[in-house]
Structure formats: structure tokens, C-alpha cells
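This report refers to the structure that appears directly beneath it.
The values are calculated or read from the model by the stated rules, or taken from the named source; none is laboratory data. Just so it is clear, the structure is predicted and the values come from calculations on it, not from any experiment. Heads up, the Cβs are rebuilt from the backbone with ideal geometry, glycines too, and the neighbour counts pull from every protein chain shown. Only protein heavy atoms, including side chains, enter the accessible area calculation; ligands, DNA and RNA are left aside. Shrake-Rupley method; radii C 1.70, N 1.55, O 1.52, S 1.80 Å.
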Amino acid sequence: MLRLENVSKNFGGLPALSDVSFDIPQGKLTALIGPNGAGKSTLINCMTGVLQTTSGRIRFRDIQIETLPPHQIARLGIARTFQNLKLFPRLTVLDNVLTGLTCEGGKSLVMAMFRLPYLRHRERSLKLRALEALDRFGLADKANWPAGVLAYGDKKRVELARATVGKPELILLDEPVAGLNAEETAAVGEQLNLLRRAGHTMLLVEHDMELVMTIADRVVVLDSGRCIAMGSPEEVRRNPLVLEAYLGRTEAVA
Amino acid sequence: MTAKQKILYFLYLHRTGLTVTLLSTAIFCWPLVTSNPYTLGLTNLIALHVVVVLGLNLFIGYAGQISLGHAAFYGLGAYGSAIATVNFGINPWLAMLLVAFLVALVALVIGIPVLRLAGHYLAMATLGLNFVLHTILLQWDEVTGGPSGFYGIPYLAIGDFEFYDEFRLHYLLWGFALLSLLLCLNLVRSGVGRGLAALAGDETAAAALGVNTRNAKIKVFVLSAVLASLAGSLFAHTYSFVSPDSFNIFVSTDMVIMVVIGGMGSIWGSLLGAALITMLPEWMDLFETYKDFVHGGILVLVLMFLPQGLVTGLFDLVRTRLALRRGQDAAA
Ligand SMILES: Nc1ncnc2c1ncn2[C@@H]1O[C@H](COP(=O)(O)OP(=O)(O)OP(=O)(O)O)[C@@H](O)[C@H]1O
Ligand SMILES: [Mg+2]
């Protein structure tokens, strides 16, 4: 569904990604793992047009997307979450989730000002869908709270609800369970499982190995901007290169 | 649900519609409360300011940009209508629309190149426009009447019904102000409005949700310029006289202050900000002399303590408290 071909990204001459190539197959959950600073978030930013690649191609279905601006990529059906939350704290939880349906909310300023009946009707159905999404993540009772006052775990889930409410074709998740406790992590994992079973294609960036190993169909390992391994969770777990990348770091820390 | 809860829920659900209805009724009855032309003149001026401030508030509060030269669009509307009706004999209503269209083009010409840049270049560009326009109004006296102003602008009329005294103007101007208020409320409560709110909150996140951030900023800028132009046209026909100093940069900064007092992105706040700042000099003579100091002082204080603006800031405080209290109650 999405194919990366020799994607490289330099920050002022320093390579953050070098020659990364892999596929995200349709209907599968692909996990992207790697030590801190490996370039995982940078890769997501390149896929969503937030950053321009230095070289290489990114193809979504048959469309070359590496030169498109972010909003056009979003409109193709690629949604994402951010590693360091990007909620709108002053909007209510419900409105935050509704922003995930922006593409369907109409574009014309003038039409919106006259609040034509068809828009009102559409607005009602969007609201229902947003409430459903909130319900899935167990947040329906907080729909009218300003998002800024929520606890961290709830904010993370609002962001997930926002990214998934529009039924995007591809969902890019940047560490959706970082900072959550075991119980919350399990709940989010369950949701991701449901989404996967419903046929969504996902890329999951995550440090929580237990989660990755249980729900990923495929795992891609990035280290210092290079793709060092990919395969089934089992294969990757046994790969000596991967062990080295992780253990090497642990030793350095210890 | 108890009966009381039901009533409260009904009020909450229809709060916008109810407030609009109440406000419209109050405004409709206002001339019955006071028939003093001076007072009506003042409230009429508030109505004009409301129209400008609504647009500017959308731009500052939703596009996250500042225009320091909105009096230029206000002035273009006023002088445009004056020249079109007096020199070219165009019907005032038609002139108003034509001028608004031209002002939209001016805003596009400024907005398209400037708003594609990150940063606050638009503040500079609009400030520049305001300076240039003010100078032209002063210097080009064959057309604009120069420093002494432009006289003899016709009143607006529907058939034989002319809007020439404060009483009639009250209904005309507040009609416009309420209509603008309603349209802006519709906008911010729509899907498009949510996209704009997202843009104001975080540009990267908004773009990732499919908001064309650059276009959205340009559209809101043009909308705000059009509203200012319409208010300017109304101004010209209200006083039947315009002079350059009604459209200098101090007027622009006053408009920004009204936005800040009302609160960024708050439609209702626009109303309050416009009313408060228009009335201040009337309430205290001292303000008349030190007006610019007082306005500047208010601006600094509000931005220091409530960066979202006065009304929005207070509203946010209350809302956060309530939500937290409810959270604690639920946990207990
Ligand atoms: N905007 C930027 N400018 C310069 N360098 C950057 C920028 N963004 C990221 N980097 C660098 O690129 C490298 C990869 O960063 P990235 O955030 O993609 O890592 P990551 O794999 O997401 O790590 P983490 O697991 O900590 O989130 C890091 O060395 C980082 O310092
Ligand atoms: Mg990261």
C-alpha cells in the first residue's frame, strides 16, 4: 500500500535516514522499532509531508507523495498521531475528534457561514461518528471537557480517536502507548487489534516490545537511520543485528 | 432527569440561539429606552466597530496572524463608496458590493504572497498599506478631498425610506452587525470553523488533518477585509462625510485592542470588546486626553495575564475549573 524507496533525509548534512526501503502491506500492522534517535519519527514526518526527503521516493498506492504538502497527503487517506501530543487544548474532546473528520466537513467558507441545511445534516452525522469513536476509547463521558485538562493517558487516547475516526486507509502511530500504564496499554493494544481486524493498514512506532511482538504482523528495525532488519516478529527477535543494536545501547547506558 | 436538569440542559443545548434572540430583542428595544440622538450615535458607532472587529477577530484568533492595518480596508470601503456614489453616481448598495469586491482583490494581492511565508510579515505588510493609504487620502485632494475630508455622500435608502437620523440608522447598522455576528457564529460552529480552530491551535497538526493551512489563512484574511470594507461603506453613508484621520494606524491598533479585550477567537467577545473600547472615552474624560496610553496599558496588561484575551481567557479559566471539579467529583 505504501512503499518507501531509498528514502534519505539529512539535517544540515547529518544523515537521519539513509537509504530506507520497505513496504507497508495492505491490511497488515507493520511495526517500526529501533533505539532512540534511530529516525523513526523522522520517517513518519517524511511520509506525511511535514519534512521533505533529501532523496528517495515514497509511493502511496500509485501516487508519488514525497513532494505533496501535508494536507494533500492527509486527504489521500493517511492519518497519523504525534509522538509529543498535538491536541487542541482549548477545544472540547468531542471537537478534537471532529477535527479528524475535517476532510468531510466541507471546504467553503461562504457555505459554512450560511449554515445550509445539507451542512447541518452532515454535521449531525459527523458528530455521531465522533461520539462512537470516543466511546470505543472509553471517553464518551468526557466529550464536553476541554481537552487541555485531561490526564496524559486520556489525551493519548483522544489523539488515537482523532486519527482513526475518519477511517483512513493508512494510520501512522508514533508511540501511542508511551507513558501509559500497563492497563491503559492493554486497552489501546486491544483497540489496535480491533482496527487491524477491521482491515486498517497501520504503521506502529513503539518501544514497548511486548505490545509490538504480540500485535505486529511484520517488524521493521531501524538503527541510526538504516533499515537493519525486517520480517515476522519471531525472525526479528532472533536476528543478531537487532540484538546488537539494542544490547549495545543497553551496555552503553549501563 | 429532574425538571430543573431538563430545563438547564435545554438552555445549554440552545445557548447560542437563545443568546442571539435575547440580544436581538434588546437591540431592537434599545431606541425605546433612550431616544437621545447622542447616545444612539454612540451605539451606532459600536455597531460599525463590531463588524470590523468580528472579521479581525476571526483572522487573529483563527489564522493566528495579526493585521495592524485593518483601518486601511475600513477606509478603502468608506472612500470607495464615497467616490463611487458621488463622482460616478452609482447606486449606494451596488457601490458597497463593488467596493467590497475590489477590497477583496486588494486583500488577495497582499495575502497570497505574504501569508505563504511563515512568521508575522503580514503585520508589517498591512501596517505599510495603512500608511500608504492614509498618505494618499491626505495628498490626492482632487479625488479624496485631502485633509478636510469628503462631503456630500448620500444616505442609504430603501425606496423612499432614507436612513438619515440616528433612530433609523440604529436599525440599519445593528441589522448589519447582527447579521455579521450570525454569519461568523455559523462559521466557527461549522466543520470549516473547526478546521480553522485546529489551525489556530497547531499548524502541523491541522495540516496532518487535511487543512490547507495557507489557503485557510488567505480566505479568513479576505473575509476580514470584506467585513471591514462593508463597515467602511456604512460609515460613509452614516455620516455622509469621511476624513483621512478616521482611518489612520491608531484606528487600526484600536481595532486590535478591541479584539484582544474581547478575546482571540471569541465571537461574543468581539461584541464586548468593541462596545467597551468605544465607550471608554465617554465614561471618563481623562481617557479622552490619554486615550492612546490607556489603550496601550490595557493591551499590555491583558496580554501579560490573559494571553488569550480578556473574555476568552476568563471563560477558559472558569471552564477548566469546572471540568476539574467534575473530574474530582466523579473520582470521589
Ligand atoms: N528537525 C530536526 N533537526 C535536526 N535534527 C533532527 C530533527 N529532527 C530529528 N533530528 C535528529 O534526527 C535523528 C532521528 O530523530 P527521530 O526523532 O526521528 O528519532 P526517533 O527514532 O523517533 O527516536 P525516539 O525513539 O526517541 O522518538 C536524531 O539524531 C535527531 O536528533
Ligand atoms: Mg520518535
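What the Cα atoms of the stretch B:143-182 give is an Rg and a Dmax of 13.6, 37 Å. Using the empirical formula 2.2 N^0.38 Å as the baseline, the Cα radius of gyration of the stretch B:161-297 reaches a ratio of 1.23. Take A:204-213, A:118-127, B:221-230 and order them by the average number of nearby Cβ atoms within 10 Å per residue, most first; the result is B:221-230, A:204-213, A:118-127.
The residues of chain A present an accessible area of 44 Å² per residue when probed at 1.4 Å with all protein chains retained.
Provide a whole-number value for the mean count of partner chain Cβ atoms within 10 Å of the Cβ atoms in peptide B:173-184.
1
To the nearest µm²/s, what D does Stokes-Einstein give for the stretch B:67-204 at 20 °C and 1.002 mPa s, using the Kirkwood radius over alpha carbon pairs as Rh? Diffusion coefficient, whole number: 122 µm²/s. For the chain pair B and A, the interface hides roughly 3100 square angstrom of accessible area in total, found with a 1.4 Å probe. Evaluating 6.51 cos²θ - 1.76 cosθ + 1.60 at θ = phi - 60° for every residue in the stretch B:270-283, the Karplus couplings come out as 4, 4, 5, x, 4, 5, 4, 6, 6, 7, 2, x, 6, 6 Hz, glycine and proline recorded as x.
Bridgeable lysines around A:Lys107 (alpha carbons under 16 Å apart, same-chain partners fewer than 8 residues away excluded): B:Lys217, B:Lys219.
Around A:Ser18, under 10 Å between beta carbons, what's the net of Lys plus Arg minus Asp minus Glu among the other residues?
+1
The phi-based Karplus calculation (6.51 cos²θ - 1.76 cosθ + 1.60; θ = phi - 60°) puts the 3J(HN,Hα) values of the stretch A:225-234 at x, 10, 7, 9, 6, 7, x, 6, x, 4 Hz, whole numbers, x for Gly and Pro. In summary, the aspartates and glutamates within cross-link reach of A:Lys127, defined as a Cα separation below 20 angstrom excluding same-chain residues under 8 places away, comprise A:Asp95, A:Glu104, A:Asp135, A:Asp141, A:Asp154, A:Glu159. Per residue of peptide B:160-171, the mean number of Cβ atoms on other chains within 10 Å of the residue Cβ is 0. Springs join every pair of Cα atoms under 10 Å in this Gaussian network model of chain A, and among A:Asn193, A:Asn84, A:Asn96 the largest mean-square fluctuation is at A:Asn84. When B:Lys6, A:Lys155 are compared by accessible surface with a 1.4 Å probe, the order from highest to lowest is B:Lys6, A:Lys155.
With the alpha-carbon atoms of chain A aligned to their principal axes, the span from lowest to highest coordinate is 61, 40, 33 Å, starting with the largest. Here the translational diffusion coefficient of the stretch A:1-96 follows from Stokes-Einstein with Rh set to the Kirkwood radius across Cα pairs; for 20 °C and 1.002 mPa s it amounts to 148 µm²/s. Solvent-accessible area of the stretch A:89-167 (1.4 angstrom probe, protein heavy atoms only): carbon and sulfur portion equals 57 percent.
Residue by residue, the stretch B:81-93 carries 3J(HN,Hα) couplings of 5, 4, 5, 5, 7, 7, 7, 10, x, 7, 4, x, 5 Hz when phi is fed to the Karplus relation 6.51 cos²θ - 1.76 cosθ + 1.60 (θ = phi - 60°); x denotes Gly or Pro. When the P(r) of the stretch B:251-332 is calculated, the portion above 22 Å amounts to 34% of the C-alpha pairs. Average accessible surface for chain B: 47 Å² per residue, computed with a 1.4 Å probe over protein heavy atoms with every protein chain in place. Based on C-alpha pairs under 8 angstrom that are at least 6 apart in sequence, the stretch B:36-326 has a relative contact order of 34 percent.
For the stretch B:227-281, pairs of C-alpha atoms spaced more than 16 angstrom apart make up 51 percent of the total. Helix A:152-164 and the longest principal axis of the Cα set of chain A meet at an angle near 80°. Shape analysis of the stretch B:23-130 yields a ratio of the Cα radius of gyration to the Kirkwood radius, Rg/Rh, of 1.07. Partner shielding of A:115-122 amounts to 2, given as the average count of beta-carbon atoms from other chains within 10 Å of each residue beta-carbon.
Amide H to amide H distances under 5 Å link A:Glu66 with A:Ile58, where only residues 5 or more positions off or on other chains count and H is placed in the peptide plane.
Note on the stretch A:89-167: Cα convex hull, mean projected area over all directions, 5.1 nm².
Amide hydrogen proximity for A:Ala16: with H placed 1.01 Å from N in the peptide plane, the residues at 5 or more positions away or on another chain lying under 5 Å are A:Lys9, A:Asn10, A:Phe11. Per residue, the convex hull spanned by the Cα atoms of the stretch B:36-326 amounts to 149 cubic angstrom. Ordered from longest to shortest, the equivalent ellipsoid semi-axes for the protein assembly as shown are 52, 27, 20 Å, each the square root of 5 times a Cα gyration tensor eigenvalue. Taking the charge dipole of the protein assembly as shown about its Cα centre, with +1 at Lys and Arg Cβ atoms and -1 at Asp and Glu Cβ atoms, the residue from B:Leu8, B:Gly297, A:Asn193 reaching farthest to the positive side is A:Asn193. For A:Ala31, the residues 5 or more places off, or on other chains, whose built amide H falls under 5 Å of its own are A:Leu204, A:Asp217, A:Arg218, A:Val219, A:Val220. For chain B, a simple Cβ point-charge model (Lys and Arg +1, Asp and Glu -1, everything else neutral) yields a dipole of about 1600 debye relative to the Cα centre.
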